[in-house]
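The values are calculated or read from the model by the stated rules, or taken from the named source; none is laboratory data. Values in this document were obtained by computation on a predicted structure and should not be read as measured data. Here the Cβ positions follow ideal geometry from the backbone for every residue, glycine too, while neighbour counts run over all protein chains shown. All accessible areas refer to the heavy atoms of the entire protein, side chains included, with ligands and DNA or RNA removed. Shrake-Rupley method; radii C 1.70, N 1.55, O 1.52, S 1.80 Å.
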Amino acid sequence: MEHKTHYAICIMNPDGDSGVKGLVKLVQEHGGKTKISAEITGLAPGLHGFHIHEFGNLTEGCKTAGPHYNPEGKVHGGPDMEIRHVGDLGNVTAGDDGVAKYECEDALVHLSGETSVIGRSFVVHAGVDDLGQGGHELSSTTGNAGGRLACGVIGLSNAF
Ligand code: CU
Ligand code: ZN
C-alpha cells in the first residue's frame with residue numbers, strides 16, 4: 001500500500017475545429033478512491049460520453065487515443081456498474097451555456113501502480129454514452145457515444 005497522495009492533470013484540446021476544450025484534475029490519497037473533477041466548455045447542451053482511453057498518442061487527434069482503457073478485458077458499462085472498463089466514467093452534462101462540470105470518486109481509476117492512468121487520455125464525445133444498455137452494436141464497446149470532440153493526455157502534477 002502506498003501512503004502518498006498522487007495528483008494528475010489533463011488539458012483537453014479540441015479535435016479539429018470542434019471548439020470543445022477542458023481541464024480535468026485527479027487526486028488519489030493513500031490508495032483510496034480517485035477524485036476526478038472536470039470542467040469542459042464549448043459543448044452542445046446535454047449528455048456527452050466521458051472516458052479514459054488507452055493511449056496518450058494524439059498524433060492524429062483524438063482517434064489515436066485508442067479504445068477505452070480496459071486492462072481486464074471487460075465489456076463496456078457505466079461508472080457505478082460491476083462490469084465496466086476502467087475508463088468508463090459515464091457522461092458529463094452540459095448546460096445551455098455549453099459548460100459541463102463533472103465530479104466523481106472512482107475506485108478503479110488509479111494514479112500509480114500497474115494499471116495507472118498516467119500517460120493515457122481523457123476523451124469527451126459528441127453523443128450520449130448509453131452505459132452499455134442501448135442495444136446498439138457499439139453499446140458493449142463504446143456506449144455508442146459518437147465522435148471525439150476533445151482529448152488530452154493525463155500527466156503527473158504537483159499538489160493543487
Ligand atoms: Cu471515449
Ligand atoms: Zn468503455
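Do the conditions hold for Ala150, that is, is it within 16 Å of ligand 1 (Cβ to nearest atom), closer than 25 Å to Val27 by Cα, modelled with pLDDT of 95 or more and open to solvent by less than 30 Å² (accessible area, probe 1.4 Å)?
yes
Of the residues Leu138, Leu111, which single one is of a type in the set (A, V, I, L, M, F, W, C) and surrounded by fewer than 19 Cβ atoms within 10 Å (Cβ to Cβ)?
The match here is Leu138.
Go over the candidates Glu29, Glu39, Glu60, Glu54 one by one and state the one that is under 24 Å from Val99 (Cβ atoms), open to solvent by 10 Å² or more (accessible area, probe 1.4 Å) and among the acidic types (Asp, Glu).
None of the others qualify; the one that does is Glu39.
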